[in-house]
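> Dropping a structure here in structure tokens format, bear with me for questions.
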Amino acid sequence: MSDFIPKWHRELEIFDKIKPVIILEGNILDRYQYPVEGSTPKGSIVKLVDYLHFYFKDNGYENIIFYDGIRGFYNSCEAGYVEKFADTIGAQVENGRIRAEFRGRNIAASAHVQTALSQNKVPTVVIMDFASRYISSPTNMEQSEIDSYTILMQASMEAKDVRVKGKGILKNLLIVLANKVNDIPAWFYLDNPNVKTIMLRTPSKEEREQLVKGENFPSFFASDIYVDEKDYFDEHPEELEKIRDKFVGITEGFSFTELNGLRKLSKNQRIHIKKMCDVIDLYKFGIKENPWNAISYEEMKNAHTDFQKRVKGQDIAITKTLDVIKRAMTGMSGLQSSSGTKPKGVLFFAGPTGTGKTELAKTLAEKLFGDERSCIRFDMSEYGQSHSDQKLLGAPPGYVGYEAGGQLTNAVKNNPFSILLFDEIEKAHPSILDKFLQILEDGRMTDGQGNTVYFSETIIIFTSNLGIYGMNNNGERVQKVNSSMSYEEVQKNVRQGIEDYFKLQLGRPEILNRIGENVVVFDFIREEAAEKILAAQIDKIVKNLQAEKNIKVIVTDKAMNVLRDKAMNNLDNGGRGIGNIVESLFINPLSRYLFDNEAFANKKVTINDINADVMPYSLECSLEDKDNSYED
């Protein structure tokens, strides 16, 4: 591939010729891949200060010196530079360094910088490392701190140019490395024409490609593995290209230090070229085998039928949900995006209450990960305050609860392969929605403790009752959809309600855009589905009594018809409403009957009728003794 020069490097090449002070902020603690042949081999992965040393050496600088508040002036790359700098400023070298304080009584550090920049004999660059740690606060400074920065400002105004044979004119430079530019007093750099700020970000796609597709690629593998497999991939270059492209995609947001760690881990674990991307799961989650790869094709092939057994009357919702899972399993998730780090799938379950939204999420978790407890539920009504994002992601350092971490980030760290169910998303505070935007787009989030949490192996499901109710002209809350409407009408009204909420009421259409066409509208429980739900609930109760108490319960058609009639009149409340009917007309009076008749085990109960007109509801039953053997 063609050589790629990072954006910040190109900016440095421009501004080191016209600005005497350059602040590099952002990803300054990372290592960097040197992009050209020079004083260090092309492709070498080095610390930023070393990178800058080689860069300025290659550009003709003779004085290259580092400074920090602990070591003073030093150069850890090559010998001789400290002594040369000491000669330039008239200082003494002690144990390979020049001692100098930035604040306090002896603020010699800034004075030495001023001397170095104002001379015109030797081209000099001073690289001030860890500049975010020189002062306690940029807005509440001691006098010595103010004096030090004032001297640096004077130095920026007095900096000289030096003519060097064969290199032309070089400007004496001060390079300041800071985590954030606002760690430095604003009056030093704002409206200062001598200062330029350059942002260093995590490696771009092109930089990651250079690492993976360049000279460093063989170093990702044990030498014998690379030699054995090289011939195959030389004959199948398109296959190798796919592996590399996937690796580049799923390492978006990784630092060079992390990428270099992946390289070493891949080699140490003897990862094969074809399995190169598996090292990401090993690095993120400590596992070699991704549970997504272990999902049985045959299991998912029959999943629709299995889902229908638990979620009644929602065939369209089941189909749309399984489409997202099949897309993830076939590797087609995120093909429209350059990022390989997004969640495996995103779903927005909407529609009437009690129609199976939560049940479908739990069923999905059991099917994918073998346990419905892998469906982690968050009730978003608990996150309605402006500070609620701290509950989810963790409080920042110094705040109460910092050590505990965030509820969401802790859950994903403990179980990265899971379904994340966010119930009633419209009740969350808008600040929470901003965090979801980042998760949906980048697939990762930094918690309050500074740890990166990855969502790339999760399915994210939002549920909502938006569109079910609305306001009439009198400001009264009215139901906008009901069970007398067709599914098409329900779907249209619910989707419109969702759009109105995010676009008009909340003013955040971008959230809806991230969800896209993955809005799944659940239908009302229709009569056919209601009968199945009712029968399933009664059957479950009967079987449990048989298994646990050896009590055989027979429900006559007459009694069943009473339950059916009551259930059919309560369809607007969905499956939950049917459950309430079963509880009040069947479970409670049956429990009362068994207790009153001391029928605690080994009985046969026939329910002939249900008195459902007068409360408390009661049953008309006949009771017989039953032998102690369990019946099927």
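The values are calculated or read from the model by the stated rules, or taken from the named source; none is laboratory data. Please read these numbers as outputs of a predicted model, since none were measured by experiment. Please note: Cβ atoms are built from the backbone with ideal geometry, for glycine as well, and neighbour counts cover all protein chains shown. With ligands, DNA and RNA removed, areas are computed over all heavy atoms of the protein, side chains included. Shrake-Rupley method; radii C 1.70, N 1.55, O 1.52, S 1.80 Å.
> Straight-line reach only, C-alpha to C-alpha below 17 angstrom: list the aspartates and glutamates that Lys230 could link to, leaving out same-chain residues fewer than 8 apart.
Cross-link targets: Glu215, Glu238, Glu239, Glu241.
> Here is a further query. Which entries in Lys213/Lys326; Lys357/Lys427; Lys309/Lys626; Lys326/Lys413; Lys320/Lys362; Lys246/Lys367 show an alpha-carbon gap greater than 20 Å?
Lys213/Lys326; Lys309/Lys626; Lys326/Lys413; Lys246/Lys367
> Next question. Taking the solvent-accessible surface of protein heavy atoms with a 1.4 Å probe, what is the per residue accessible area of segment 473-624 in Å²?
The answer is 55 Å² per residue.
> So, one more: Set Lys and Arg Cβ to +1 and Asp and Glu Cβ to -1, take the dipole of segment 425-568 about its Cα centre, and tell me which of Asn465, Gly450, Ile533 lies farthest positive.
Ile533
> Further, regarding this structure: What aspartates and glutamates does Lys160 reach when the alpha-carbon gap must be under 13 Å and sequence neighbours fewer than 8 apart in one chain are set aside?
Asp16
> Which order do the peptides 594-604, 342-352 take when ranked by the mean count of other beta-carbon atoms within 10 Å per residue, highest first?
342-352, 594-604
> How much of the accessible area of the chain, in percent, comes from carbon and sulfur atoms when a 1.4 Å probe is used?
The computed percentage sits at 47.
> Amide H of Ile551 versus every other amide H placed in the peptide plane: which residues, excluding those fewer than 5 positions away on the same chain, fall under 5 Å?
Gln546, Asn602, Lys603
> Another question, if that's okay. Hey, can you find the accessible area per residue of segment 345-420 for me, probe 1.4 Å, expressed in square angstrom?
41
> In square angstrom, rounded to the nearest 10, how much accessible surface does Glu25 have for a 1.4 Å probe?
30
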